[in-house]
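Peer 1: If you scroll down you'll find the structure; I have some questions about it.
The values are calculated or read from the model by the stated rules, or taken from the named source; none is laboratory data. Here the structure is a predicted model, which is why all the values come from computation and not from measurement. Here Cβ is always computed from backbone atoms with ideal geometry, including for glycine, and neighbour counts include all displayed protein chains.
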């Protein structure tokens, strides 16, 4: 009988080609699924970063003015201030400090002031009167704060004791019984914390390391402020998008934008002592921060929002002018109420997706992107390879 024959060369070649085609198809399928899964993970991380960024901003912004700080005069204001990137943000978060982190060009900076992380201490001026060196033009003073407070409610004096021990020129907010207020500088040398239940706070008025800046922010020391019912340690924090590139001229593809927070001595450009006090990072991939203020200019209790320059939102249109008297009212009169802060963040994925083209951005508050359906430049083309997400929240400024 004829021996049993195997595959011919042609049959083997055809089988090999079929196997290779099947393997390539499977590999392409696995690669596509892998890229899709990676993209979805990045999108999920981007959305989470946007939520974290908004949460941190909202939490502190809602406390702006705590300690009886008034609104103040825009644009810098007192309890809440906006450095508008649309009209030229400072290059560094600390103005004039070349070593401070850079603010990403075109983004806004939010400044929040108030008694934010420590208690507001209560006093009974009949029991613990305010002591001033000169009743007419005081330069120094002191007051005793007791635990428990005037109504017998415990108030831990630990933060005051720690502030005295640190020897730092902390800013103190003094509030009188009729709402008068001023800001002074803690004087550790004339303070006394030997009795943890009755701490003597000494302070300087308009003098000292930062006393002039504190007093200037408050607008002076009222002649009627001769007794104190509340005292607190004032803080100032600034939220911004940190530009971490080696130089501003480096391409944007080298940028990993981060939402950061910096702490300063109030009304100064001096960083508060502490590790990374100028760049406490909260969220990666936050590419833009835009802010708008809802101000009741006509006093009807409602905030008109048309998206134009003639509505009651400041910084939501490129033609908004914070120097317009309509935002602050007549000099010497009570300014119109500041009701809301609108926070808009633009997040993007950490890495580009080569098969993706993000939808064009036109306007985000008063920042005009002007992107078209087809990218107008190589830089815009590269930027739109990233997935992007806009998140917007309106904060009710309860203390203002």
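Peer 1: What is the one condition in (1) without any contact (Cβ under 8 Å) to a residue 24 or more places away in the chain; (2) within 15 Å of residue 342 (Cβ to Cβ) that residue 296 does not satisfy?
Peer 2: Residue 296 satisfies every listed condition except (1).
Peer 1: For residue 52, only one of the following conditions fails: (1) at pLDDT 80 or above; (2) touching a strand residue (DSSP E or B) at 6+ places or on another chain (Cβ under 6 Å); (3) outside the structural domain of residue 340 (by TED's automatic domain parsing). What is its number?
Peer 2: So the condition that residue 52 fails would be (3).
Peer 1: For region 346-358, what are the residues that are free of Cβ contacts under 8 Å to residues at least 60 places away in the same chain and over 27 Å from the mean Cα position of the chain (by Cα)?
Peer 2: Result: 354, 357.
Peer 1: For region 369-389, enumerate the residues that are free of Cβ contacts under 8 Å to residues at least 60 places away in the same chain and surrounded by 13 or more Cβ atoms within 10 Å (Cβ to Cβ).
Peer 2: As a first pass, look at region 369-389 and keep what is free of Cβ contacts under 8 Å to residues at least 60 places away in the same chain: 369-378, 380-381, 384-386.
Result: 369, 371, 375, 380, 384, 385, 386.
Peer 1: Hey, could you check region 155-165 for residues that are touching a strand residue (DSSP E or B) at 6+ places or on another chain (Cβ under 7 Å) and more than 23 Å from residue 213 (Cα to Cα) and say which is surrounded by the fewest Cβ atoms within 10 Å (Cβ to Cβ)?
Peer 2: 161
Peer 1: On the basis of being touching a residue at least 12 places away in the same chain (Cβ under 8 Å), over 22 Å from residue 73 (Cα atoms) and surrounded by fewer than 18 Cβ atoms within 10 Å (Cβ to Cβ), does residue 306 make the cut?
Peer 2: no
Peer 1: Hey, another quick one. With (1) surrounded by fewer than 19 Cβ atoms within 10 Å (Cβ to Cβ); (2) within 20 Å of residue 75 (Cα to Cα) as the list, and residue 356 as the residue in question, which single condition is left unmet?
Peer 2: With (1) surrounded by fewer than 19 Cβ atoms within 10 Å (Cβ to Cβ); (2) within 20 Å of residue 75 (Cα to Cα) applied to residue 356, the lone miss is (2).
Peer 1: Of all the residues that make up region 64-82, how many are within 12 Å of the chain's Cα centre (by Cα) and either part of a loop (DSSP other than H, G, I, E, B) or free of Cβ contacts under 8 Å to residues at least 60 places away in the same chain (or both)?
Peer 2: Within region 64-82, residues that are within 12 Å of the chain's Cα centre (by Cα) and either part of a loop (DSSP other than H, G, I, E, B) or free of Cβ contacts under 8 Å to residues at least 60 places away in the same chain (or both) number 2.
Peer 1: Do the conditions hold for residue 315, that is, is it within 17 Å of residue 85 (Cβ to Cβ) and either exposed (fewer than 15 other Cβ atoms within 10 Å of the Cβ) or touching a strand residue (DSSP E or B) at 6+ places or on another chain (Cβ under 9 Å) (or both)?
Peer 2: Against the criterion (within 17 Å of residue 85 (Cβ to Cβ) and either exposed (fewer than 15 other Cβ atoms within 10 Å of the Cβ) or touching a strand residue (DSSP E or B) at 6+ places or on another chain (Cβ under 9 Å) (or both)), residue 315 qualifies.
Peer 1: Continuing with the same structure: Quick one: is residue 286 buried (at least 18 other Cβ atoms within 10 Å of the Cβ) and over 14 Å from the mean Cα position of the chain (by Cα)? Outline the logic, then answer.
Peer 2: On the way: buried (at least 18 other Cβ atoms within 10 Å of the Cβ): yes; over 14 Å from the mean Cα position of the chain (by Cα): no.
The answer is no for residue 286.
Peer 1: Follow-up. Among the residues of region 302-310, are any in contact with a strand residue (DSSP E or B) (Cβ under 9 Å, 6 or more places away or on another chain) and in a strand (DSSP E or B)?
Peer 2: Looking through region 302-310, none of the residues is in contact with a strand residue (DSSP E or B) (Cβ under 9 Å, 6 or more places away or on another chain) and in a strand (DSSP E or B).
Peer 1: In the list 30, 7, which residue meets the criterion of being modelled with pLDDT under 85, surrounded by 10 or more Cβ atoms within 10 Å (Cβ to Cβ), out of contact with any helix residue (DSSP H, G or I) (no Cβ under 6 Å at 6 or more places or on another chain) and not in a helix (DSSP H, G or I)?
Peer 2: Numbers: 30 fails: not in a helix (DSSP H, G or I).
Sole residue among the options that is modelled with pLDDT under 85, surrounded by 10 or more Cβ atoms within 10 Å (Cβ to Cβ), out of contact with any helix residue (DSSP H, G or I) (no Cβ under 6 Å at 6 or more places or on another chain) and not in a helix (DSSP H, G or I): 7.
Residues checked against (1) under 22 Å from residue 65 (Cα atoms); (2) touching a strand residue (DSSP E or B) at 6+ places or on another chain (Cβ under 8 Å); (3) not in a strand (DSSP E or B):
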position: 322; (1), (2), (3): yes, yes, yes
position: 335; (1), (2), (3): yes, no, yes
position: 340; (1), (2), (3): yes, yes, no
position: 345; (1), (2), (3): no, yes, no
position: 352; (1), (2), (3): no, no, yes
position: 382; (1), (2), (3): no, no, yes
position: 389; (1), (2), (3): no, yes, no
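Peer 1: Being within 25 Å of residue 60 (Cβ to Cβ), assigned to a strand (DSSP E or B) and in contact with a strand residue (DSSP E or B) (Cβ under 9 Å, 6 or more places away or on another chain) narrows it down to one of 238, 200, so name that one.
Peer 2: 238
Peer 1: Going through region 125-148 one residue at a time, which ones are closer than 15 Å to residue 184 by Cβ, touching a residue at least 60 places away in the same chain (Cβ under 8 Å) and in a loop (DSSP other than H, G, I, E, B)?
Peer 2: 130, 138, 139
Peer 1: Out of all the residues in region 166-178, is one or more in contact with a helix residue (DSSP H, G or I) (Cβ under 7 Å, 6 or more places away or on another chain), in a helix (DSSP H, G or I), surrounded by 14 or more Cβ atoms within 10 Å (Cβ to Cβ) and in contact (Cβ under 8 Å) with a residue 12 or more places away in the chain?
Peer 2: no
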